[in-house]
Structure formats: C-alpha cells, structure tokens
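The values are calculated or read from the model by the stated rules, or taken from the named source; none is laboratory data. As the structure is a computational prediction, the values presented were derived from the model and not from experiment. For neighbour counting, all protein chains shown are included, and Cβ atoms are generated from backbone atoms with ideal geometry for every residue, glycine included.
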Amino acid sequence: MHKPLGITGISPFAPANSPEYQQWRAARLENAEKAAGWGFLQIRDPKNLSAEERAEVLRRCDATNFALYQFTPNDDESDTRDSLRRLADALNLGLPEGHRSAGEKAIVALTVSEAPSQRGYIPYSRKAINWHTDGYYNPPDQEIRGFLLHCGRDATTGGRNQILDHTVAYIRLRDENPAYIDALMHPQAMTIPANVEPDGTTRPASVGPVFAADRDGNLTMRYTARTRSIEWRDDPLTREAATFLRDLLMAGDPLMIEAKLKPGQGVFNNNVLHTRTAFDPDETGNHSRRLMYRVRYFNRIGS
Ligand SMILES: [Fe+2]
C-alpha cells in the first residue's frame, strides 16, 4: 500500500488507523444527521459578524464542513458584495482566488450569460450541474478549500442546490471497500486533461488524488461526476471506486441536504460536494433572473 502524501499516522481517516477511524466515522455521521435540523443561521449584520454568530458558523463547519446562513437581502449588488467579503474576512478566509469571471470585490456573479468568456460554460447557463467540488481542475498549489455561495435572486422554478459533506462520501466508500480509499488517494487517481480557455491560454492538465489531507490534516476532496474530459487512473479498482461513488451520488444519500437558496441566503463551506438543478426551463430565450454570488478561497472557513 502506498502512503498518500499528507496522510500521517495520526490522521483519523488514515487507511491503517482503525480505532481512531471508527470514532471519527461515528462522529461525522452523527453530525451530518443532526445538521438536517440546523436550518439557516440568522446573521443580524453581515458587515459585523458577532462573536456568537461566528462561533456558530465555525461549529457547524467543523462538524459538517458547511453552514447555511441568511441575512436580510439587499438589492444593491455592490453592498451585497461588500457584505460577503466582510463575512469572509471575519471567517479568516484570506484573499480570494483570482478568477477570470470575477467581478467587483473578486466575487463571481453566476447568472445566465452570453458573454464571450462565459457562453457555453454550464455555470452560466440554466442547465443542471452534476456533483463536484470546486476547482477540481486547479493545480495542487491552488486548491480551493473554502467558498461562499450566496443568493442574490432565485429562479422562478428549479435552481436548487444539493450538498453532501465529502467526509460522508469517504465513509460510504470505505464502508463498501477500504481498498477504494487507497485507489482514490493515489496521487494519479484523477486527471483533467489540459484545456484551452476562452481567453486563449491553456490550462495544463490537472493530475491528483480524489481524497487527500490538507496541510492541517483535514480531509479534502477533488472530484467531478462528469464523464467527459476526465481520465481515471487505468486500474480496475480505481474505475470500480469511481463508479461506486458516482452511483451513490446519483442514487442520493440520506445525509444529503437540499435547499433552494432564497435572496439573502447562502452557504459557507469547506468545498463540499454539491450540485445545482436546472432552472427556469419555461423562460423564453436564454433568460433567467437567477443570480448567485460565489467567492472562493485557498483557506478553510475559520482557518
Ligand atoms: Fe461548484
């Protein structure tokens, strides 16, 4: 068995650690079950996150890798962006990634777009987005570890998000076959081939594991359920593990959370597995009022 980079003997999810793993497993499943009843944390003033609110966000993110929240919606886009950056700052997220679609305050507005740099990209369409974690095509030194998704305007129909703490996906795989974990922690488990970006630059191929430990020993996940433009390591167990995971996500896990974010609602998260359903199919042309703000970081929430 190879020793995946960053997985130390003290990691509770290290493949060889049985008693520690059993404890960790039980706690993660219990947290995920409880989280279904937690709802949206009310934030009184997003520009001044209180100590109590901050502690609750951190508690939830520590327990399940995400926290749903809400504050009074504001039609002023600039003010909303300001609120989101201040919230992120209060949660020690550091500097946001530089994204080619980033607008004011380095925040990306996810909305239906015909802009040349966005046309043809699913996030800027009304289409569903399959299970993934963000930035799975990034180089290893630009791993997305945390992000905020915030609703400015919701769709008339659809546009729901599903969320699954990736530690639960890890547990399901390990319960099925511990060797799946070894396969998916292999440094060459998943390759996203190089791609020519709309601005003409070439993004190099991204090669790496699905599951890994970050510099602080937290479990991270790099994943897409898409089947085009993705190469799994040429190994029967890797293919089997990838199929099991894909089937699990398609079938639905009882610990998944599903929500249609309303204006003013959002989710802080440590880059968990998530989807988006298709929306506004009846709108004519390529129109929808739906607007989601997204800002991504190389830090975890509260790191
Ligand atoms: Fe995403």
(request) Say whether the condition of being within 16 Å of the chain's Cα centre (by Cα) and surrounded by fewer than 17 Cβ atoms within 10 Å (Cβ to Cβ) is met by at least one residue in the range 141-149. (result) yes
(request) Identify all residues within the range 94-114 that are modelled with pLDDT under 80 and surrounded by fewer than 16 Cβ atoms within 10 Å (Cβ to Cβ); write none if there are none. (result) His99, Arg100, Gly103, Glu104, Glu114
(message) For the structure I just gave you, tell me whether Arg85 is buried (at least 18 other Cβ atoms within 10 Å of the Cβ), more than 16 Å from the ligand (Cβ to nearest atom), modelled with pLDDT of 95 or more and under 21 Å from Trp38 (Cβ atoms).
(response) no
(message) Which numbered condition in (1) in contact (Cβ under 8 Å) with a residue 12 or more places away in the chain; (2) over 30 Å from Ser50 (Cβ atoms); (3) more than 16 Å from the ligand (Cβ to nearest atom); (4) not in a loop (DSSP other than H, G, I, E, B) is the only one that Pro116 fails?
(response) (4)
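Go through Arg294, Arg233, Arg215, Arg246 for me and flag whichever is of a type outside the set (Asp, Glu), within 16 Å of the ligand (Cβ to nearest atom) and surrounded by fewer than 22 Cβ atoms within 10 Å (Cβ to Cβ).
Numbers: Arg233 fails: within 16 Å of the ligand (Cβ to nearest atom); Arg215 fails: within 16 Å of the ligand (Cβ to nearest atom); Arg246 fails: within 16 Å of the ligand (Cβ to nearest atom).
After ruling out the rest, the residue left standing is Arg294.
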(request) Restrict the check to the range 183-198 and report whether at least one residue is crowded, with 23+ Cβ neighbours inside 10 Å, in a loop (DSSP other than H, G, I, E, B) and either basic (Lys, Arg) or more than 16 Å from the ligand (Cβ to nearest atom) (or both). (result) yes
(request) Take the residues in the range 261-285 that are at pLDDT 95 or above, part of a loop (DSSP other than H, G, I, E, B) and more than 16 Å from the ligand (Cβ to nearest atom), then tell me which one is nearest to Ile43 (Cα to Cα). (result) Gly264
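Looking at the range 133-143, which of its residues are of a type outside the set (Phe, Trp, Tyr) and more than 9 Å from the ligand (Cβ to nearest atom)?
Residues of the range 133-143 of a type outside the set (Phe, Trp, Tyr): 133-135, 138-143.
Hits for the range 133-143 are Asn138, Pro139, Pro140, Asp141, Gln142, Glu143.
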(request) Report whether or not Lys127 is in a helix (DSSP H, G or I) and either on the phi > 0 side of the Ramachandran plot or modelled with pLDDT under 95 (or both). (result) no
(message) I'd like the full set of residues that are over 18 Å from Pro193 (Cα atoms) and not small (Gly, Ala, Ser), limited to the range 236-248.
(response) Pro236, Leu237, Glu240, Thr243, Phe244, Leu245, Arg246, Asp247, Leu248
(request) Go through (1) more than 22 Å from Arg228 (Cα to Cα); (2) among the basic types (Lys, Arg); (3) more than 14 Å from the ligand (Cβ to nearest atom); (4) crowded, with 18+ Cβ neighbours inside 10 Å one by one and return the number of the condition Arg153 breaks. (result) (4)
(request) Looking at (1) more than 16 Å from the chain's Cα centre (by Cα); (2) within 30 Å of Leu49 (Cβ to Cβ); (3) surrounded by fewer than 13 Cβ atoms within 10 Å (Cβ to Cβ), find the lone condition where Thr227 falls short. (result) (2)
